[in-house]
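Student: Handing you a structure now.
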Amino acid sequence: MEDSSGLPPLRGPATVKGMLAGKVAIITGASRGIGAAAATAFAQAGAKVVLAARDEEALRRVADGIDGTGSVAVSVPTDVTDPRSVEKLVEFALEKFHRLDLAFNNAGGGHMPAPLAELDVEQFDQALGANARGTFLSMKYEIPAMLKTGGGSIVNMSSTAGLQGVNGIAGYVAGKHAVIGLTKAAAMDYAKKNVRVNAVAPGPILTERTVGVISPDQAMFAVPVGRIGNREEVAAVAVWLCSDLSSFVTGAVVPVDGGRLAGVSFSRPGVTPAVTPSISDQRKPSKVRENRW
């Protein structure tokens, strides 16, 4: 059964059960999309989850849904571009659960498509703020909290647009490239202190913002595996990166893109091409802080 957005209900992957037992996790941008899926998956994996986003009502609905399954979830309205707001989020997690082990810094955002020279300075600054500044501030306050109890694991949200250029969304591309740079720098700074820092780079993912925007035919030709990705598939990778199963992984960027970044497929007699012009040419990034690509 689908909800009013046209998406199927969230279901945490069964394979994650127990992977994060006894851990406390912060998830930003958790009110919808990949963030909400991650909140569900982290809780199903056994973590107590502290959910953060600007939309208080939507955030509470996600937390209530997790509580209804018997897991523990609390919500804290947060603006990741505001240092004091992020600091209060981490303080709340420590006061409530006395530790912080994990973080999925998913909050981000884009801008309406425009060639670089036509992009408003304010829109560029907002994209950098939501992605680069938000990720920096999140780690700035999360890492000291993790160090107090011996370490932890952080996953930052980038995008395939953080690994390649995409026309029309220069601010978003710059912000997501910056997330990768911050991830690698933080991984180097804290590798010997038992804090691992990695990033995920989703390709086309079905969320509230892409329902009706990307057709199955577009996905079939633009993604080598022939379909758009699901929110839960990104969430499962984030859980793995936060779990002990990835204990020797830090400073990595993991594409969750159905093979889009693997290469280019050329048409040959008798061979169906796996890739035609990118879906990214078709999309219109949202002004709200939600990652879709």
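Student: When you go through (1) surrounded by 15 or more Cβ atoms within 10 Å (Cβ to Cβ); (2) aliphatic (A, V, I, L, M); (3) outside any loop (DSSP other than H, G, I, E, B) one by one for Ala117, which number turns out not to apply?
Tutor: (1)
Student: OK, next. Can you tell me which residue within the range 158-184, out of those that are of a type in the set (Val, Ile, Thr) and touching a strand residue (DSSP E or B) at 6+ places or on another chain (Cβ under 9 Å), is surrounded by the fewest Cβ atoms within 10 Å (Cβ to Cβ)?
Tutor: Ile180
Student: Further, regarding this structure: Would you tally the residues in the range 153-189 being in a helix (DSSP H, G or I) and of a type outside the set (Ser, Thr, Tyr)?
Tutor: Adding up the residues that qualify gives 20.
Student: Could you identify the single residue in Leu128, Leu100 that is out of contact with any Leu (no Cβ under 7 Å at 6 or more places or on another chain) and either surrounded by fewer than 17 Cβ atoms within 10 Å (Cβ to Cβ) or modelled with pLDDT of 95 or more (or both)?
Tutor: Step by step, each of Leu128, Leu100 is checked, and only Leu128 is out of contact with any Leu (no Cβ under 7 Å at 6 or more places or on another chain) and either surrounded by fewer than 17 Cβ atoms within 10 Å (Cβ to Cβ) or modelled with pLDDT of 95 or more (or both).
Student: Check Val90 against each of (1) within 15 Å of the chain's Cα centre (by Cα); (2) part of a helix (DSSP H, G or I); (3) touching a residue at least 40 places away in the same chain (Cβ under 8 Å) and name the one condition it does not meet.
Tutor: Only one criterion is unmet by Val90, namely (1).
Student: Now for a separate question. Restricting attention to the range 109-150, and to residues there that are closer than 23 Å to Met188 by Cα and among the aromatic types (Phe, Trp, Tyr), which single residue is farthest from the chain's Cα centre (by Cα)?
Tutor: Here the answer is Tyr141.
Student: What are the residue pairs meeting all of these: first residue in the range 44-59, first residue surrounded by fewer than 19 Cβ atoms within 10 Å (Cβ to Cβ), second residue among the polar types (S, T, N, Q), Cβ atoms under 6 Å, and 6 or more apart or on different chains?
Tutor: Close Cβ pairs (under 6 Å, with a partner that is among the polar types (S, T, N, Q)) amount to Asp55/Ser31; Ala58/Ser31.
The values are calculated or read from the model by the stated rules, or taken from the named source; none is laboratory data. Keep in mind that what you see is a predicted model, and the values were worked out from it rather than measured. Positions of Cβ are backbone-derived with ideal geometry, glycine not excepted, and every protein chain shown enters the neighbour counts.
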